[in-house]
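Below is one structure; the comments refer to it alone.
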Amino acid sequence: MSQPGIPASSGALSGLQAQNGAASASGSPFTNGPIQNELMSSQGYSSQLPGSYPHLIPAKTLNPVSVQSKYGGSQTVSPLSNYQGLQTLHRPPVASNAVTPSLHSGPVPRMPQHASQNPAATPVPSGSFHPGASVPPPLNWQYNYPPTGSRTNHGSPVSSGPALSGNTNLTTGHPYVSSGDPSLQNNFIKSGPAPPLVNSPLPATLQPGAPLGPPPTGGPPPVSAHAAQKASHRAVPQPSFNSAVNQEGITSSTNNGSMVVHNSYDEIEGGGFLATPQLTNKTTPVSRSVGYSYPSLPPGYQNTAPPSAAGMPPSSLSYLSGPQAFTQTPLGANHLTASMSGLSLHPEGLRVVNLLQERNMLPPTPLQPPAPNLHEDIQKLNCNPELFRCTLTSVPQTQALLNKAKLPLGLLLHPFKDLVLPVVTSSTIVRCRSCRTYINPFVSFLDQRRWKCNLCYQVNDVPEEFMYNPLTRVYGEPHKRPEVQNATIEFMAPSEYMLRPPQPPVYLFVFDVSHNAVETGYLNSVCQSLLDNLDLLPGNTRTKIGFITFDSTIHFYSLQEGLSQPQMLIVSDIEDVFIPMPENLLVNLNESKELVQDLLKTLPQMFTKTLETQSALGPALQAAFKLMSPTGGRMSVFQTQLPTLGVGALRPREEPNHRSSAKEIHLTPSTDFYKKLALDCSGQQVAVDLFLLSGQYSDLASLGCISRYSAGSVYYYPSYHHQHNPVQVQKLQKELQRYLTRKIGFEAVMRIRCTKGLSIHTFHGNFFVRSTDLLSLPNVNPDAGYAVQMSVEESLTDTQLVSFQSALLYTSSKGERRIRVHTLCLPVVSTLNEVFLGADVQAISGLLANMAVDRSVTASLSDARDALVNAVVDSLSAYRSSVLSNHQPGLMVPFSLRLFPLYVLALLKQKSFQTGTSARLDERSFAMCQVKNQPLVYLMLTTHPNLYRVDNLSDEGALNINDRTIPQPPILQLSVEKLSRDGAFLMDAGSVLILWVGKNCGQNFLSQVLGVQSYALIPHTMTDLPELDTPESARTIAFISWLREQRPFFPILYVIRDESPMKATFLQNMVEDRTESALSYYEFLLHIQQQVNK
């Protein structure tokens, strides 16, 4: 185990390098933003760092004269109205005096490169993600992870090692590996000590036109996209804008003399950097609304909750005279023994269930997560399980105990969920000086002046400013500050958490305008949605916007203030894309709003007569990346077909005959172009969201990488057509409205810390892992979920509590740097029975689903299915052999796991993992994207839908929300047995709602809710309920509207009869029933029993 402040072993890091696709075929390492050498900052150097990747963007310089002649008065740029007869802009000639791309900075000696950092030492196969000829992994998951190679998470050493991809695995022998280059994943970790890694300094890049030598010491030179591009139209983006802002860590390249400059995210946010007195008077001016203001008193708090909720402070200041006796509610680990004595376990939790006799264990109301077995004083301060939950609410004391239980240990997070939460505007953010944990409700105050960290047990001093509580206006009660009273809190970050001024909100839209795209009619919907929501885009006066369209060429749009109408510029050279007039393509939204509106109104009509069928998606993405690199931001890409031209072109791989088999389906990317470009985007703080609107195979397995590794999202609308499929149009418009107007965080990073003895080894979600445990999130959105796997690296015998803390550092759309912190506290147990008692079956199923997606990609779909079944068999076998004293006949399970077999059966029938059906390959890939990126609550709904009877809704037990009455019908088992022909049943499957109406359904429901006089008159394509002036109609519509409001996507409603084509989908979701290719629930239980009793 590596110690705090000491890098992990080189063996581990070379394993990381291989996992991340660290070395490309050309030998360029994948680091996400360069890491500066310690010597540079200690000697006061402020060298420019390389800001992009030479394998994609060769740094060429253009002859300034030729640029002038090309874009001066002699070249007329045609307005949009003359599109058909437009002249094509060709590339300006490249200057003959090629500038040396990088110079070695003299005063810093070059250190030898360690083998783990040497690209040549880790050859990576080019263009292939296939596992090669490695031995196939075992079919079940071993949850015992050897301690060597993985790093405990409390010390956070300063790591400059290569970064990791979207899900990572730092231990050997574990069959779940990331979807990087699997052939290299398990080969690099060696046990035993290793010399610490040596950082080799990165060379300073010479920018064309930039002066040599260190910059002036007075402050950083102002860098603007305009100035950078004037120097050269092909210049690589200025590296001083390369990296995002600090303390959860990136890289620094300038020192303005007014603040301490730290040179990597790891150093500042992570370990090694001891807390220093924070500079309060030198923060970057940020527009923020300050809550309570106290002149000449320590800075106060801003609470976004309404005043009544916040508890307004009394108007008079109550300074207490003289020293006060210190009292603290006994919450810390040092008071736990007394607190735990008052606990009583729920007798229900100790129940043993024979599932063969009691199959119907599904509760009639939504399943609630189990409450940790903690004293109520601690539990009431704990983190909301919707934000942060653990698969085991009772954490095993040792890895041996965890191995014995055969259950996975991991966390599921929804860190940026829309919330009203307390916001602290204090200039002192109190953190542990050893492990950098943020002070939280579960620390212990030893006395008024000292607190003990609940993760690494370091004793820290309480800063003077923290002694005063502005909410109560009392001095000397640090334990009553909001930071110590709230498990979820947000801080306004001072300037020490920034490496550059917070970036402006930048939105770039990239539209496919090929013949196929125009046929779907999607441009009308998207442009109209943009027009409707233009004023609602999150941002401020600095918001920037731009547009690119593409078919076989790339079209840019100049929206410079002062133009009478937008101007179109066409670049036909897709082999080596350049940016014409870069300063006018991303424009201030406020200053150019009329031009933007003009463009959105004319864009749908401009390409109506196009005959261009080719799609140069790859070059268009490269162009968009170059345009956004100086600032970062969000790229929204709309694509309707398989890319066919230029880099990133793909070939059809789907074979309809193989759709239903679990073997030989193409779930791995066919090229690494999109992954590499995504890593480049991540390094420049650009996230890519992909909207795929396609009726034909588009290889989402390959295209999805652009979003996965850049922390974007994928949206999929199969068979989108504005006339033939109008419900998809409605769905796109509703989801676009949410997408365009929801909260967004830019240039974000997230780190998850846990108590000493626990370690995190694998991450799941859409991101890029920088160093060993820092997730790079160029954009973070409130609809994204994440998961991590953990192991017990050291025995937890000395503690009764463990804590987990996630810290998300981001820039808000208003330009504020903020830190959102969630802290979860759980008890430690020493018996197997207690481990099973605290199992969270939904969280376990969600984590297994994430693991199964990885297994499908790195091994095969059949391996993943077998591993899911074995997860149930192994855990129930462990329970039977180690916990049950008398072996009764039947399938005996602990009450906490009574739904485990049902949820795993539902996963086996979910689109990601099902066999025997003709699921389209893109639909399967999209379902897997959703598993990786959705918060647990939505993942469970798409896996195991809710079924309700709705023809007899009543107000009994209804919710009352904002003067609306929402009926709450009971949830039914997913079996045809529960249906009756004289009723109507609504299935909520997350992204779709299906209302099945029985043949003998009562006339009352038909006329009062559906507005038809007989069953035969129900339309075949009914997707909306009429709003009738009847109580039955009001209840049904209120219930369906309430279900839709619970989620960020828009589920289409289908009203179906017995002969409707959608009935097959409805029956397919009946997971307890048998299908041609899958067992019924009862048959599955018999199979599990047979395996358990072996």
*asked:* Take Leu499 and tell me if it is of a type in the set (A, V, I, L, M, F, W, C), buried (at least 24 other Cβ atoms within 10 Å of the Cβ) and within 26 Å of Gln379 (Cβ to Cβ).
replied: no
*Would you check if Ala859 is without any contact (Cβ under 8 Å) to a residue 40 or more places away in the chain and within 25 Å of the chain's Cα centre (by Cα)?*
no
*Test set (1) over 33 Å from the mean Cα position of the chain (by Cα); (2) more than 18 Å from Val513 (Cα to Cα); (3) part of a loop (DSSP other than H, G, I, E, B) - Lys609 fails condition number*: (2)
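Residue-by-condition table, conditions (1) surrounded by 24 or more Cβ atoms within 10 Å (Cβ to Cβ); (2) under 28 Å from Leu409 (Cα atoms); (3) in contact with a helix residue (DSSP H, G or I) (Cβ under 7 Å, 6 or more places away or on another chain):
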site: Tyr709; (1), (2), (3): yes, yes, yes
site: Tyr716; (1), (2), (3): no, no, yes
site: His722; (1), (2), (3): no, no, yes
site: Val729; (1), (2), (3): no, no, yes
site: Leu736; (1), (2), (3): no, no, yes
site: Leu740; (1), (2), (3): no, no, yes
site: Glu747; (1), (2), (3): yes, no, no
*Identify the residue in segment 807-842 that is of a type in the set (S, T, N, Q) and crowded, with 24+ Cβ neighbours inside 10 Å and, among all such residues, is nearest to Cys435 (Cα to Cα).*
Thr823
*Give the number of residues within segment 463-483 that are open to solvent by less than 10 Å² (accessible area, probe 1.4 Å) and either under 14 Å from Thr437 (Cα atoms) or of a type in the set (Val, Ile, Thr) (or both).*
1
_For segment 584-597, give me each residue that is part of a helix (DSSP H, G or I) and open to solvent by less than 60 Å² (accessible area, probe 1.4 Å)._
Asn584, Lys593, Leu595, Val596, Gln597
_Extreme residue, surrounded by the most Cβ atoms within 10 Å (Cβ to Cβ), among residues of segment 510-547 that are among the β-branched types (Val, Ile, Thr) and over 25 Å from Met581 (Cα atoms)_ = Thr520
_Residue that is surrounded by the most Cβ atoms within 10 Å (Cβ to Cβ), among those in segment 548-571 that are hydroxyl-bearing (Ser, Thr, Tyr) and out of contact with any Leu (no Cβ under 8 Å at 6 or more places or on another chain)_ = Thr553
*The lone exception for Met1022 - which of (1) of a type in the set (A, V, I, L, M, F, W, C); (2) open to solvent by 10 Å² or more (accessible area, probe 1.4 Å); (3) closer than 25 Å to Arg738 by Cβ; (4) modelled with pLDDT of 95 or more it fails*: (4)
_Residue within segment 657-679 that is more than 23 Å from the chain's Cα centre (by Cα), modelled with pLDDT under 95 and part of a helix (DSSP H, G or I) present_ = yes
*Entirely in segment 360-456, the strands (runs of 3 or more DSSP E) that have 1 or more residues that are among the polar types (S, T, N, Q)*: 444-447
*So Phe442 clears everything in (1) more than 21 Å from Lys380 (Cα to Cα); (2) modelled with pLDDT of 95 or more except one condition, right? Which one?*
(1)
*Given Ser552, Ser525, which one is assigned to a helix (DSSP H, G or I), of a type in the set (Ser, Thr, Tyr) and closer than 21 Å to Gln641 by Cα?*
Ser525
_Given the criterion closer than 20 Å to His822 by Cβ, modelled with pLDDT under 95 and open to solvent by 50 Å² or more (accessible area, probe 1.4 Å), identify the matching residue among Val420, Val352._
Val420
*Just name the residue that is farthest from the chain's Cα centre (by Cα) out of those in segment 680-712 that are more than 17 Å from Ser636 (Cβ to Cβ) and acidic (Asp, Glu).*
Asp699
*So which residues in segment 761-778 are open to solvent by less than 10 Å² (accessible area, probe 1.4 Å) and in a strand (DSSP E or B), if there are any at all?*
His761, Thr762, Phe763, His764, Phe768, Val769, Leu774, Leu775, Ser776, Leu777, Pro778
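The values are calculated or read from the model by the stated rules, or taken from the named source; none is laboratory data. Here the structure is a predicted model, which is why all the values come from computation and not from measurement. With ideal geometry, Cβ positions are generated from the backbone for all residues, glycine too; neighbour counts draw on all protein chains shown. Note: areas computed on protein heavy atoms with side chains; ligands, DNA, RNA excluded. Shrake-Rupley method; radii C 1.70, N 1.55, O 1.52, S 1.80 Å.
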